[in-house]
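Below is one structure, written out as structure tokens; comments come after it.
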Amino acid sequence: MDLTHKSEKQKSDNAKKMMLWFGIVSLIMAFAGWTSAYIVSSSREDWLKDFDLPSAFFWSTLIIVVSSITYFLAVQATKKDKKSQAAIYLWTTLVLGIAFIILQFVGFSQLIGNGFYFTGPTSSITMSYIFLIAVVHVAHVVAGLVSLIVVIVNQIRGKYSSTEVNGLEIGATFWHFLDLLWVYLILFFYLYR
């Protein structure tokens with residue numbers, strides 16, 4: 001395949017997708033490192049084995065999975081030039097993303113309410129890892145919300161159609177990755193104690 005015969009737009013679209021995938025691979029490596037450190041640290045004598053994850057974490061999991069579905073539906077509606085339907089799905093995704101972050105902070109409050117702290121004399125290495133990994137994921141969801149807001153603004157400006165969905169697909173790919181990452185993390189925390 002000769003890449004030199006592509007239009008400037010095709011080259012630009014491919015470059016943007018490639019940069020996204022480089023970023024995703026970097027994030028996978030970072031979270032793999034943190035979860036590996038969690039596993040290695042679990043052999044410590046002071047490792048907590050008897051604790052419950054906050055119920056808000058499980059509710060937030062449901063929320064982020066649903067938000068991934070609504071983002072997917074927004075892309076599909078755009079591909080069919082159903083702009084008002086796509087707008088509804090995008091705004092729903094934004095609301096669900098905000099709800100996810102709120103529920104994460106409710107979960108942190110539940111951990112603190114149970115006497116588990118990130119740092120300090122009453123903290124534990126187990127909870128420090130859980131707080132760290134979850135907070136870093138929340139930070140990336142905030143980045144996902146920023147990209148979603150950019151997508152919504154571009155959608156309002158009419159930049160997406162059945163023939164132009166690249167920006168929308170890039171935003172959706174990042175969002176789906178964040179969704180899958182959280183599902184992996186919640187299962188990891190739940191199953192590996």
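Rounded to the nearest 10 degrees, the inclination of helix 125-156 to the longest alpha-carbon principal axis of the chain is 20 degrees.
On a 1.4 Å probe surface of the protein chains, which of Leu191, Leu73, Leu168 comes out largest in accessible area, and what is the full order?
Values: Leu191 130, Leu73 60, Leu168 0 Å².
Largest accessible area first, the list is Leu191, Leu73, Leu168.
The long axis of helix 8-41 is offset from the longest Cα principal axis of the chain by roughly 10 degrees. Give me the angle, in degrees from 0 to 90, between the Cα long axis of helix 166-191 and the longest principal axis of the Cα atoms of the chain, rounded to the nearest 10. Value to nearest ten degrees: 20. For the chain, modelled as a GNM whose springs connect Cα atoms under 10 angstrom apart, the maximal fluctuation among Lys159, Lys83, Lys11 occurs at Lys11.
Number of Lys-Lys pairs in segment 1-103 with C-alpha atoms under 30 Å apart and a separation of 8 or more places or on different chains: 23. Computed over the chain, the per-residue total of -39500 (n - 2.57) for DSSP H runs of n ≥ 4 gives a 222 nm mean residue ellipticity of -27500 deg cm²/dmol, rounded to 500.
Between Ser123 and Ile88, the distance separating the two model label sites (each 7 Å from Cα on the Cα→Cβ line) works out to 4.6 nm. One decimal place: the segment Arg44-Val25 gains 3.9 nm when fully extended, by the rule 0.36 nm per residue minus the C-alpha distance.
Spacing of the modelled spin labels on Ile98 and Asp81, each 7 Å from Cα toward Cβ, amounts to 3.2 nm.
Students sometimes get this wrong: rank Ser43, Ser147 by accessible area, probe 1.4 Å, all chains present, largest first.
Values: Ser43 100, Ser147 35 Å².
Sorted descending by solvent-accessible area, the residues read Ser43, Ser147.
Treating each Cα of segment 42-85 as one equal point scatterer and applying the Debye formula with no solvent, the log10 of I(q)/I(0) at q = 0.26, 0.27, 0.30 Å⁻¹ comes out as -0.86, -0.88, -0.95. Given a 1.4 Å probe and the protein chains as shown, Met19 ends up with an accessible area of around 130 Å². Result for the chain in a Gaussian network model with C-alpha springs under 10 Å: among Lys49, Lys79, Lys16, the largest mean-square fluctuation is at Lys49. Under a crude label model (7 Å from the Cα following the beta-carbon direction), how far is Phe188 from Ala15 in nanometres? Reported label-point gap for Phe188 and Ala15 is 3.3 nm. Considering only the Cα atoms of the chain, their convex hull presents on average a projected area of 12.7 nm².
The values are calculated or read from the model by the stated rules, or taken from the named source; none is laboratory data. Predicted model only: the values in this text are computed from it and were never measured. So basically every Cβ, Gly included, is an ideal-geometry build from the backbone, and we count neighbours across all protein chains shown. Note: accessible area is taken over every heavy atom of the protein model, side chains too, but ligands, DNA and RNA are not part of it. Shrake-Rupley method; radii C 1.70, N 1.55, O 1.52, S 1.80 Å.
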